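Taken together, the values in this text are just the output of simple stated rules run on the coordinates, not laboratory data. Since the model is a prediction, treat every value here as computed from it, not as a measurement. Note: ideal-geometry Cβ built from the backbone for every residue, glycine included; neighbour counts use all protein chains shown.
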Amino acid sequence: MHIVVFVKQVPGTDNVKMDPETGVMIRTGKDVIINPLDENALTEAIKIKNSRSDVSVTAISMGPPSAERALKEAIAMGADAGILVSGREFGGSDTIATGKALAAAVRKAGEVDLIICGERATDGETGQTAVMVANYLDIPGETYVSAIDVKDSSVVIKRTVERGFEMVEVPFPVLVSVNKDINEIGMPTLKGKLRAKTVALNIYDADGLGIDRAEVGLNGSPTRVVKVFSPKLSRDTIMKKADGTAKPVEELLSFLIFKECI
Amino acid sequence: MSAEIKASAKQERDLAQSNGVFVLGEQKDGQLLPVTFELIARGRLLADDLGCKLSCVLLGAQIQDIEQVFQRGADHALFIQDEALQNFLPRPYQKAIAKLLEEEKPEVVIAAATTTGRTVMPLVAAKLNTGLTADCTSLTIDADTRLLLQTRPAIGGNIMATIKTPHHRPQMATVRPRSCKPLPLDCSRTGEVIVKKYENDTFLTTEKFLEFITDTTQTVSIEDAEIIVSGGKGMKNGEGFKMVEQLAELLGAGVGATRDAVELGWTTYPHQIGLSGKTVAPKLYIALGLSGKIAHLAGMQTSEVIIAVNKDPEAQIFKVADFAIVGDVFEIVPMMIEAIKQHKAKARQETCAG
């Protein structure tokens, strides 16, 4: 059984720096982490691997050359192989273009039974790319998964949806995107760390993947960012400063009564 | 891949023929869900700006009181009816919607950023090779180009980005549930229900729906709460966060939290409000010790009345607040609890006296 996991490098803090001229995020390569939900996905793949004798796990990342580090971390956590999709031609890819590139990378990984990914990344927060990959591979894509039960030739998954859970069974091959309820994120092992030092990653650009350059990057992206701005928020705020007396709270209470809130 | 390039060229030719605004309504067990009417309210504005018709797309086996979509502002209902669509499964929904959109060629398609919308829309967008913007907070029509301007919080919610889909159709976006109010009911409005029946193979899939299990662990569902009391990092620790729960209990309110508070383990994920949690719009939202990152504001700024307590006078939460107290939550909140207790006691007395 072959499992593929997507790992994305994202900024490690909430305080992302923006280029004030272009509005483009400044990716310095420093202070980056693996997207936390991708670590959940990886942990789940390793868990399945440890519960059976026939499982291999391939981690795939798309990003700048420094994203190699994310793949090494994935191997340290227990993945067997890593594929990096990297090249300037991928710059500016939206979810459609990224989905096509990742689907092509999965084809490079060979026969795949199960693809596990994080439901969304903390930087873009679109949650669109994973299921788009499923479309391009022409396999079912299941989202918001909080439990995976691996059977002989299928998975039974639990989807966390509004006001409850849906149980769905899907035969292989299938893609699932997971939320943070699925597991506690695992840790790298010493053995894994040593392996990570020696394992050679497969690195592909668009030509290596056999994708037309017009299909990726800005050229292959139907959407365009036309404006980036700091949000304007405004209400006519009544501001009171705490002064050690009960007055501000009394005024607040009068306000709530006036607004018929309490 | 060359087939996709051809498909994209074909789409560009189709631009001129695109027509109408579609919203993707949602139903559960045959009942229309409220988010359907919110989408219709959004879609109505866009259709009026474009001077075109507004259609509500519905999928299911049976749907009751379908005429509600007209009373809430839609011109047509396009109902893809099949037993296979009773429960949501990504593939049959994807194929049915993609087929409909290829036939009808709408200009704009809006869906809810629910687990259903956020699953099926990317699948449909990929199948039709068109653009899709997730979680929009604002949708408008550009007067010059007549393009849909899709605005969403980006990069952890620190900034807003406006996105367009210039050369592909339809232009597609999802919007958060409860981010806008339905139009008032207009009983005089009527419209035409067009039932679409597709061949069985449209709905073929290897996916098998087993069962739906209702979540019974959440006592007060924050999506339905009239009042929400929310806490952030300013509550300092799990012990401090209990004050949020205490005030909530007193008010019969739901408990909300920022991502930070959830990640610190002070409460659980179902309470998380914001871009990566839930969107709420209660009558009263009380924000305690939270600074108001855009990601959080995206999940609560349409609340009717917003109260905020924070010691930082520059805290962003104050910009969306109706009433703000600059001060220490550990000093102010106990006073609030006391004042509300007294108010309730007094109110009770008056009722008894009356």
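Overview of values
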item	result
Whole-number D in µm² s⁻¹ for segment B:227-353, Kirkwood Cα-pair radius fed into Stokes-Einstein, 37 °C, 0.692 mPa s	226 µm²/s
Among A:Val168, A:Pro36, A:Ser154 - extreme Cα towards positive end, dipole of segment A:2-215, charges at beta-carbon	A:Pro36
Cα-based radius of gyration of segment B:16-203 once divided by 2.2 N^0.38 Å, which approximates compact folds	0.96
Peptide A:169-179 - average C-beta neighbours from other chains (10 Å radius)	2
Under the Debye formula (equal points on every Cα, no solvent term), log10 I(q)/I(0) of segment A:2-215 at q = 0.08, 0.13, 0.15 Å⁻¹	-0.26, -0.70, -0.94
The protein assembly as shown: antiparallel DSSP beta bridges as a percent of all, rounded to 5	35 percent
Within chain A, helix-based [θ] at 222 nm, where runs of 4 or more DSSP H residues each add -39,500 (n - 2.57), nearest 500	-8500 deg cm²/dmol
For residues of B:128-135, the mean tally of beta carbons on other chains within 10 Å	5
Least to most buried among A:Arg88, B:Arg169 (fewest other Cβ within 10 Å first)	A:Arg88, B:Arg169
Hull shadow area, averaged, segment A:167-237 [alpha-carbon convex hull, nm²]	12.7 nm²
Selected from B:Met121, A:Gly82, A:Gln128, residue furthest toward positive end of dipole (the protein assembly as shown; charges at beta carbon)	A:Gly82
Chain B: angle of helix B:238-251 to the longest principal axis, Cα-based, in degrees nearest 10	80 degrees
Residues A:Phe229, B:Phe203, A:Phe255, B:Phe241 arranged by fewest to most Cβ contacts within 10 Å	A:Phe229, A:Phe255, B:Phe203, B:Phe241
Residues of type aspartates and glutamates that A:Lys108 reaches as a straight line, Cα spacing below 18 Å, ignoring anything fewer than 8 places off in the same chain	A:Glu68, A:Asp80, A:Asp138, A:Asp205, A:Asp207, A:Asp212, A:Glu215
Diffusion coefficient, µm² s⁻¹, Stokes-Einstein with Kirkwood Rh over alpha-carbon pairs of segment A:104-262 at 4 °C and 1.567 mPa s	61 µm²/s
Average projection area in nm² (convex hull over Cα atoms of the protein assembly as shown, one quarter of hull surface)	29.6 nm²
Principal semi-axes in Å for segment B:239-278 [√(5λ), Cα gyration tensor, largest first]	18, 12, 6
Share of pairwise Cα separations in chain B, more than 35 Å, in percent	33 percent
Other protein chain Cβ atoms within 10 Å, averaged over every residue that makes up A:209-217	2
Counting DSSP beta bridges with both ends in chain B, the antiparallel % (nearest 5)	20 percent
